[in-house]
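Reading through the structure tokens given below for one structure.
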Amino acid sequence: MEQATTQRRKFSTALESIRMSPIVSISEEARVRAIEYEKSGNEFIRFQRGEIDFQTPAHIVAAIHEGLDKGLTKYPKSGGENFFKEAVIARLRRDFGAADLAPKNVVATYGGQEGLELSFKLFAKGAGFSPTWSCALENFVPYAQIEFEEVPLNEDFSVNYERVESAIAGRDFFYLNNPQNPTGKVFTEAELRTIVDICTRAGAFIIADEAYEKIIYDGLKHHSLSSVQQDNIITVFTFSKTFAMTGWRLGYVVTRNERVAELLRLGNYTQTAGVTTFLQYAGAEALNNVEASERAVSTMVDEFTLRRDALYAGLSELPGIRFDKPQGAFYMFPNFSEIIPATLEGTERNKFIYELLMEHGIATVYGSCFGKHFGDNVRLSFSATPVPVVEKAVERMSKIFPS
């Protein structure tokens, strides 16, 4: 009787509504499928997850040991230590010309993910581009109990400003991921300026997710919204992608809105009582040791460029696949509309290419994981696939999609 009563209990809607990222579920499926597939002696290729196959740079690893040796193991300061915040401010000034920032404008968080979750929690209604990072849709939106509208990019991933203007009317914020996951799009300065102007006129905030800020190709430049001197901008950063620190869980939020910064600090304290101090110490070293960090980032980006170019060249030889060359991040998001049978609909259509590739030992992420507007696409991540693996995958695809 007691067990039956417990099973009928209703729990928090915020927690009942969230679910694990579909990418995690796909990775679990890939792990199981790989065991069977590799019995044939063929390599199972993992294009599904944004994990990085580089090690955290040695100077950052050394710094965390130094922090421990210094005894930085006590309760942390809520919102972040001043030495960490000063390192953030100096680097934003150096990289983006961001002026007039003070420690009160910076909040240390456990990864960019906590920074985004807390930022979403500030509001009731939001909007953002589709496709978009799956965690925003599957985790932040339901956890924060937000009413969220997806604004589709054009087929070539350009922006339809009329859609943005229509969607943001009466809403509290616009979520902008730049460089973008899953498309690899890098928004131009003109695009960003227009989006900021539209949101400002509508009285809305912008939550800028700049996780891939340093992973940029072909001489393009990342324009950070942290440099815009307005109090309706919340910019979220992470060490995960830039410094191959995905498991460290260290990030920060920057905003000139002091009330927002204070609310984020209180939220951070409530959830975790602040970011571990020795983590912040290592993070400050990553930001302050410019020469060593730039050398490490350049090595990674050079390798990602080779992988991107190999994937782009290989897919270009295959018929019926439409795609753009990624400008940033480490994802490609090709469209397979011409290959998917026209009679398929719904989930069967969304998963057709995904299942076809999985059967041939290639794990990807189907497009509907990133929203409701690009179901005929799949995401290919080259963050952990060296060039020979990319070439092997393309060769395998050429047999699946013969010319």
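The values are calculated or read from the model by the stated rules, or taken from the named source; none is laboratory data. Quick caveat: nothing in here was measured; it's all calculated off a predicted structure. Quick reminder, even Gly has a Cβ in these numbers, built from the backbone with ideal geometry, and neighbours come from all protein chains shown. The accessibility values were calculated without ligands, DNA or RNA, using every heavy atom of the protein model including side chains. Shrake-Rupley method; radii C 1.70, N 1.55, O 1.52, S 1.80 Å.
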Everything considered on the Cα gyration tensor (a ≥ b ≥ c; rounded for a/c under 1.5, else prolate if a/b is larger than b/c, else oblate), the stretch 74-133 must be described as oblate
Can you give the helix-only mean residue ellipticity at 222 nm for the chain, where every DSSP H stretch with n ≥ 4 adds -39500 (n - 2.57) and the sum goes over all residues, rounded to the nearest 500 deg cm²/dmol?
-13000 deg cm²/dmol
Cα centroid separation - the stretch 198-219 against the stretch 278-353, whole Å
18 Å
Of the peptides 50-60, 326-336, 167-177, how do they stack up when ordered by the mean number of other Cβ atoms within 10 Å, highest first?
326-336, 167-177, 50-60
Within the accessible area of the stretch 82-172 (1.4 Å probe), percent carbon and sulfur
46 percent
Please say if the stretch 269-343 is rounded, prolate or oblate, where rounded means a/c under 1.5 for a ≥ b ≥ c the square roots of the C-alpha gyration tensor eigenvalues, and otherwise the choice is prolate for a/b larger than b/c and oblate otherwise?
oblate
How much of the accessible area of the stretch 239-283, probe 1.4 Å, is carbon plus sulfur, in whole percent?
55 percent
Modelling each spin label as a point 7 Å along the Cα-to-Cβ direction, I'd like the LYS70/ARG9 distance in nm, to one decimal.
4.4 nm
Got a number for carbon plus sulfur as a percent of the stretch 23-63's accessible area, 1.4 Å probe?
51 percent
If we sort 74-81, 14-21 on the protection proxy, mean other Cβ atoms within 10 Å, highest first, what's the order?
74-81, 14-21
What accessible area per residue comes out for the stretch 291-403, rounded to a whole number of Å², with a 1.4 Å probe?
42 Å²
Report, in whole Å, the centroid distance computed from the Cα atoms of the stretch 72-128 and the stretch 8-62.
27 Å
Hey, what's the stretch 85-195 come to in accessible area per residue, 1.4 Å probe, Å²?
34 Å²
